[in-house]
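Chemist: Here it is: the structure, laid out below.
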Amino acid sequence: MCRVAQIFSSLQTAFGGTRAGDFSRNNRVYHVVMQNEMQWRERAEQISELYVRSRDGERVRLSNLVTITPTVGAPFIQQYNQFPSVSVSGSAAEGVSSRTAMAAMEQILQAHLPPGYDYAWRRDLLAGAADR
């Protein structure tokens, strides 16, 4: 039948687009992206209408290989360094320096974060804390 990678590649190209190459014209480089037209990627049911290549090179309708089950998920998963993340904003109490507030926050995080979790400061915060 088909490899999962082939199915994924077909879905990526049809719905997300795949860069197929470049061409130059008038000293400008243009990217060529393959993707279904909008009318063919508006509804989830259209996934089953796609065809993928089998290991033998035959075209197989995706609905013969997979079942589409609607599920609810996060509309957006924020990432930092390719890991799921959350942003936490705060400000130091009046009269407390940024450096002192960040040190207090680090103590709290080290004491309470579960194994496998980590934290990082934005670069502008690190630069600002060094000055204060």
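The values are calculated or read from the model by the stated rules, or taken from the named source; none is laboratory data. Note that this is a predicted model, so its numbers are computed, not measured. In this analysis, Cβ positions are derived from the backbone assuming ideal geometry, glycine residues included, and neighbour counts consider all displayed protein chains.
A quick yes/no check of all residues on (1) surrounded by 10 or more Cβ atoms within 10 Å (Cβ to Cβ); (2) without any contact (Cβ under 8 Å) to a residue 24 or more places away in the chain; (3) over 24 Å from the mean Cα position of the chain (by Cα):
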| site | (1), (2), (3) |
| --- | --- |
| ALA14 | yes, no, no |
| ARG53 | yes, no, yes |
| THR69 | no, yes, no |
| ILE77 | no, yes, no |
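Chemist: Looking only at the stretch 1-50, which residues are of a type in the set (A, V, I, L, M) and out of contact with any Gly (no Cβ under 9 Å at 6 or more places or on another chain)? Even if it seems obvious, please write down each step before you answer.
Modeler: At the first step, the residues of the stretch 1-50 found to be of a type in the set (A, V, I, L, M) are 1, 4-5, 7, 11, 14, 20, 29, 32-34, 38, 44, 47, 50.
Of everything in the stretch 1-50, those that are of a type in the set (A, V, I, L, M) and out of contact with any Gly (no Cβ under 9 Å at 6 or more places or on another chain) turn out to be MET1, VAL4, ALA5, ILE7, LEU11, ALA14, ALA20, VAL29, MET38, ALA44, ILE47, LEU50.
Chemist: Which residues, counting only those in the stretch 85-99, are surrounded by 10 or more Cβ atoms within 10 Å (Cβ to Cβ), among the hydroxyl-bearing types (Ser, Thr, Tyr) and under 16 Å from ARG122 (Cα atoms)? Show your work before the answer.
Modeler: Step one: list which residues in the stretch 85-99 are surrounded by 10 or more Cβ atoms within 10 Å (Cβ to Cβ), which gives 85, 92, 96-99.
If we keep only those that are among the hydroxyl-bearing types (Ser, Thr, Tyr) as well, we get 85, 97-98.
Once the filter is applied, which keeps residues that are surrounded by 10 or more Cβ atoms within 10 Å (Cβ to Cβ), among the hydroxyl-bearing types (Ser, Thr, Tyr) and under 16 Å from ARG122 (Cα atoms), the stretch 85-99 yields SER85, SER98.
Chemist: Can you confirm whether VAL29 is assigned to a strand (DSSP E or B), more than 24 Å from SER9 (Cβ to Cβ) and either in contact with a Leu (Cβ under 9 Å, 6 or more places away or on another chain) or modelled with pLDDT of 90 or more (or both)?
Modeler: Details: assigned to a strand (DSSP E or B): yes; more than 24 Å from SER9 (Cβ to Cβ): yes; either in contact with a Leu (Cβ under 9 Å, 6 or more places away or on another chain) or modelled with pLDDT of 90 or more (or both): yes.
Judged against the criteria, VAL29 is a match.
Chemist: Give the stretch 22-42 a look and list any residue that's surrounded by 10 or more Cβ atoms within 10 Å (Cβ to Cβ) and among the polar types (S, T, N, Q), or say none.
Modeler: Those that are surrounded by 10 or more Cβ atoms within 10 Å (Cβ to Cβ) and among the polar types (S, T, N, Q): GLN35, ASN36.
Chemist: Here's a follow-up. Can you confirm whether the stretch 92-105 contains a residue that is of a type in the set (Gly, Ala, Ser) and in contact (Cβ under 8 Å) with a residue 24 or more places away in the chain? Reasoning before the result, please.
Modeler: Step one: list which residues in the stretch 92-105 are of a type in the set (Gly, Ala, Ser), which gives 92-93, 95, 97-98, 101, 103-104.
From the residues that got through so far, the ones that are in contact (Cβ under 8 Å) with a residue 24 or more places away in the chain too are 97-98.
Checked the stretch 92-105: at least one residue is of a type in the set (Gly, Ala, Ser) and in contact (Cβ under 8 Å) with a residue 24 or more places away in the chain.
Chemist: Related question: Scan the stretch 58-90 for residues that are among the basic types (Lys, Arg) and in contact with a helix residue (DSSP H, G or I) (Cβ under 7 Å, 6 or more places away or on another chain) and report the count. Explain how you work it out, then say what you get.
Modeler: Quick first cut of the stretch 58-90, residues among the basic types (Lys, Arg) only: 59, 61.
So of that shortlist, the ones also in contact with a helix residue (DSSP H, G or I) (Cβ under 7 Å, 6 or more places away or on another chain) come out as none.
Residues in the stretch 58-90 being among the basic types (Lys, Arg) and in contact with a helix residue (DSSP H, G or I) (Cβ under 7 Å, 6 or more places away or on another chain): 0 in total.
Chemist: Let me ask another. Which one is modelled with the lowest pLDDT among residues in the stretch 55-67 that are touching a Ser or Thr at 6+ places or on another chain (Cβ under 8 Å), surrounded by 14 or more Cβ atoms within 10 Å (Cβ to Cβ) and within 17 Å of PHE15 (Cβ to Cβ)?
Modeler: The initial filter retains those residues of the stretch 55-67 that are touching a Ser or Thr at 6+ places or on another chain (Cβ under 8 Å), namely 60-63, 66.
The next check asks that each one be surrounded by 14 or more Cβ atoms within 10 Å (Cβ to Cβ); those that pass are 60, 62-63, 66.
From the residues that got through so far, the ones that are within 17 Å of PHE15 (Cβ to Cβ) too are 62-63, 66.
Values: LEU62: 90, SER63: 90, VAL66: 86.
That would be VAL66.
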